[in-house]
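S.K.: This is the structure I have questions about; it appears just below.
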Amino acid sequence: MPYERVQEIEQRFQRAVNLISNNSLNARQLAIALGVSRPTAQRIVAELKRRGYVIRSVRDEQGWQYELVSSPPSANSGIDTLVSNEIT
C-alpha cells in the first residue's frame, strides 16, 4: 500500500476520533462527515476500538450515537505500525 494511502487512512481515523469526541453522531452521520459509506464508518469505529479507544454506543431520543469514553494511553498515530507492516 503506498505511503500516501496509508496517511490518508490514518487521517480519516483521526478525523473520526475528533468527530466522535466533539459530537454525538450515529454511523450514518459519521459516514457523511467522513465521506465514506456507512459500513466503512462502522469498520473505522471497530478499528479504533481495536487500537484501544473506548467508544460506546449510547441510545438517546435520537437513536444510537457513538460516544468516545477514552483514548488509549499512547494515542499517537498508528501510521508507523502500518508502514512497518507494509515493509516486512
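The values are calculated or read from the model by the stated rules, or taken from the named source; none is laboratory data. Remember, predicted model here, so these are calculated numbers, not experimental data. Please note: Cβ atoms are built from the backbone with ideal geometry, for glycine as well, and neighbour counts cover all protein chains shown.
S.K.: Scanning region 8-49 for residues that are closer than 14 Å to Trp64 by Cβ and hydrophobic (A, V, I, L, M, F, W, C), which turns out surrounded by the most Cβ atoms within 10 Å (Cβ to Cβ)?
M.R.: Ala41
S.K.: Right, another one. Report the residue count in region 20-51 for those that are under 27 Å from Glu61 (Cβ atoms), more than 9 Å from the chain's Cα centre (by Cα) and either part of a helix (DSSP H, G or I) or charged (D, E, K, R) (or both).
M.R.: Of the residues in that region, 13 qualify.
S.K.: Out of Tyr3, Tyr53, Tyr66, I need the residue that is in contact (Cβ under 8 Å) with a residue 12 or more places away in the chain and either at positive phi or surrounded by fewer than 16 Cβ atoms within 10 Å (Cβ to Cβ) (or both). Which one?
M.R.: Result of the check over Tyr3, Tyr53, Tyr66: Tyr3.
S.K.: Continuing with this model, one more query. Looking at (1) more than 12 Å from Phe13 (Cα to Cα); (2) modelled with pLDDT of 95 or more, which is the one condition that is false for Glu86?
M.R.: (2)
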